[in-house]
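The structure appears right after this line, and notes come after that.
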Amino acid sequence: MRSRYRSFAKLNLHLQVVGRRRDGYHELRTLFQTIDLHDLLTVEPAARGVELTTAGLELPVASANLASRAAAAYFERWPAGAGVRLHLEKRIPVGGGLGGGSSNAATVLLALRERFGVPAAMAELWPVARALGADVPYFLVGGSALGFGRGDEVVAIPDLAAQELHVAVPPVAVSTAAVFAALPESPEAPLAASLLALAAGWSPPSLDGLELWNDLQPTVLATVPEVDAVYTALLRSGAVGVRLSGSGGCLFARLPAGAQAEIAQRLPAGTGLLATRTLGRQEVAARRTVT
Ligand code: C5P
């Protein structure tokens, strides 16, 4: 029997880089937030092996796709399952900093656990998720969460107040590895006061109470002119709280009510503008399975 799942995107509402690690990665402090933009994943048991088909956006070859790598990693660890056919309908922009590939990988792990009944404890998925990519563990949790280390040490926090947002999608894919490689030396920095407060249970009434920040943003704006052009156009159009998500190139912002159509016209050619909203952890879990 086939099952269908929503694989949601994330924003990094806040992202600090506080140093380079010995393993070549960067030490992060970030605030993740799920949004309702999602891919659709169909999972169907197969005799053996992992098969992946896609529709929507251009994707790298099947073997390189994080969704099939997640299924392969699952079967390697829990051989109880035989095989699986995956189909991905992509809507989350690739190379946008919205975590689409990582979300797909986590959704595959959750779907296979549901399908085959192993592992008994969700926590056993964590090491498998971490080995797949720094953002994958977050998607096992969803909602509002803090990320430390490579971003893969995840601490769930009470969900932030729901918020409507817009995501601008520049007509360019940004390489995360290239952005981190181009970063200037990161100074030691204290944990942002608002993250500290969130970790202690503070719940701001709206995102206005948060310091929205992204240490990757200056490097991306300086090196990817397509993203810089969209950023400038959004600021000029009256958008509020314009920030890069992750390593970009997507930017999120709040737009004046009813202004979406007019602002979309003023953005550089080929730029998408999506209306979305934040999702809490329970809503993510409740809406994951398509019924
Ligand atoms: O883990 P993931 O494959 O998503 O990361 C892509 C690349 O981004 C890594 O190979 C690394 O170069 C860079 N990165 C980093 N520090 C992080 C996360 C990613 O330097 N915390």
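Tabulated data for the structure shown
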quantity: Odd one out for L57, checked against (1) within 26 Å of L165 (Cα to Cα); (2) within 16 Å of the ligand (Cβ to nearest atom); (3) without any contact (Cβ under 8 Å) to a residue 40 or more places away in the chain; calculated: (2)
quantity: 1 or more residues more than 12 Å from the ligand (Cβ to nearest atom): qualifying helices (runs of 4 or more DSSP H) within the stretch 85-204; calculated: 100-116, 125-132, 136-141, 193-199
quantity: Out of A131, A156, sole residue that is closer than 22 Å to H26 by Cβ and touching a helix residue (DSSP H, G or I) at 6+ places or on another chain (Cβ under 9 Å); calculated: A131
quantity: Which listed residue is within 25 Å of G143 (Cα to Cα), modelled with pLDDT of 95 or more and in a strand (DSSP E or B), from R243, R287; calculated: R243
quantity: Number of positions in the stretch 136-177 that are of a type outside the set (K, R) and over 29 Å from A233 (Cα atoms); calculated: 22
quantity: Matching option when the condition is surrounded by fewer than 22 Cβ atoms within 10 Å (Cβ to Cβ), polar (S, T, N, Q) and in contact with a strand residue (DSSP E or B) (Cβ under 9 Å, 6 or more places away or on another chain), among T34, T107, T30, T54; calculated: T54
quantity: Every residue from the stretch 1-43 that is modelled with pLDDT of 95 or more, more than 22 Å from S186 (Cβ to Cβ), away from the ligand (no atom under 16 Å from the Cβ) and not hydroxyl-bearing (S, T, Y); calculated: R4, R6, F8, Q33, I35, D36, L37, H38, D39, L40, L41, V43
quantity: Members of the stretch 14-26 that are surrounded by fewer than 16 Cβ atoms within 10 Å (Cβ to Cβ), in a strand (DSSP E or B) and on the phi < 0 side of the Ramachandran plot; calculated: R20
quantity: Selection count, the stretch 7-39, where residues are charged (D, E, K, R) and in contact with a Lys or Arg (Cβ under 6 Å, 6 or more places away or on another chain); calculated: 3
quantity: Test result for G238, in a loop (DSSP other than H, G, I, E, B) and more than 16 Å from Q33 (Cα to Cα); calculated: yes
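The values are calculated or read from the model by the stated rules, or taken from the named source; none is laboratory data. In this text the structure is predicted, and so the values were computed from the model without any measurement. Note that each Cβ is placed from the backbone with ideal geometry, even for glycine, and that neighbours are counted across all protein chains shown.
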